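Structure first, commentary second.
The values are calculated or read from the model by the stated rules, or taken from the named source; none is laboratory data. These numbers were taken from a predicted model, which means no experiment stands behind them. Glycine also receives a Cβ, built like all others from the backbone with ideal geometry; neighbour counts cover every protein chain displayed. Please note that ligands, DNA and RNA were not included when accessible areas were found on the heavy atoms of the full protein model with its side chains. Shrake-Rupley method; radii C 1.70, N 1.55, O 1.52, S 1.80 Å.
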Amino acid sequence: MFDLPQFETEPEPPTRNALNSHYNALFAAYDWQPHTDYLNLAKEACWLFDDVLTGKPKRWLSMLGHSGTGKTEWAKRIKAGLKENGKRSQMWDWSVICEKYLGHGDYDILEHLAKVPILIIDEIGKSDWKTGTAKLSHLLDQRMGKWTICISNLTQGDIAEKLDTRIASRMGRENNRIANMGKDCPDYCNLKK
């Protein structure tokens, strides 16, 4: 009478050797061993990088939580590594998009961002503006099933409470992954070898 629900399968992780290779290529100057959240961030970032390079199904990585923990730096390294491998990506600061484009009624930027092959959106939640949040929610709807990295100093719960529950729920939907950085993580700049 009813069809059984269809469940997405967990993305298959790359081999340990592949993760270590990506880690050494992207961020060898740092020692992420001191804290489990750092290790998880490194693993998730290298996993996404490997998935893009090996043509695995498209998904998101959301890097959330405490500031100063290397989320933006990892995203910059991923972007540079992708460029070295012939993959185009763009990195945008959401608060700048709100101020420079949306605040002046220029909504064409959203159409552009929806079509970018690999999009990195930083500073989600920095700008507390109702129209910006609604536009972000709409943009992220269009980004489902596309390579996307979302970065915020808010937790997923904070995003649901302060911005929009739809944005927070999409971060964990389908094969999307979340790397959470706790308040007890030291500043990543102190981890330089």
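Pairs from the list LYS76/LYS115; LYS56/LYS83; LYS87/LYS130; LYS83/LYS183; LYS83/LYS162 with a Cα-Cα gap above 28 Å: LYS87/LYS130; LYS83/LYS183; LYS83/LYS162.
Divided by 2.2 N^0.38 Å, where N counts the residues, the Cα radius of gyration of the chain comes to 1.03. Per residue, the chain exposes an accessible area of 54 Å² to a 1.4 Å probe, with every protein chain left in place. Only protein atoms count toward the accessible area here, which uses a 1.4 Å probe; on the chain, the carbon and sulfur part of that area reaches 48 percent.
Its Cα centre serving as origin, the chain has a Cβ charge dipole (Lys and Arg +1, Asp and Glu -1) of approximately 440 debye. Listed here are the pairs LYS43/LYS79; LYS79/LYS146; LYS43/LYS126; which of them are more than 19 Å apart at the Cα? Over 19 Å apart, Cα to Cα: LYS43/LYS126.
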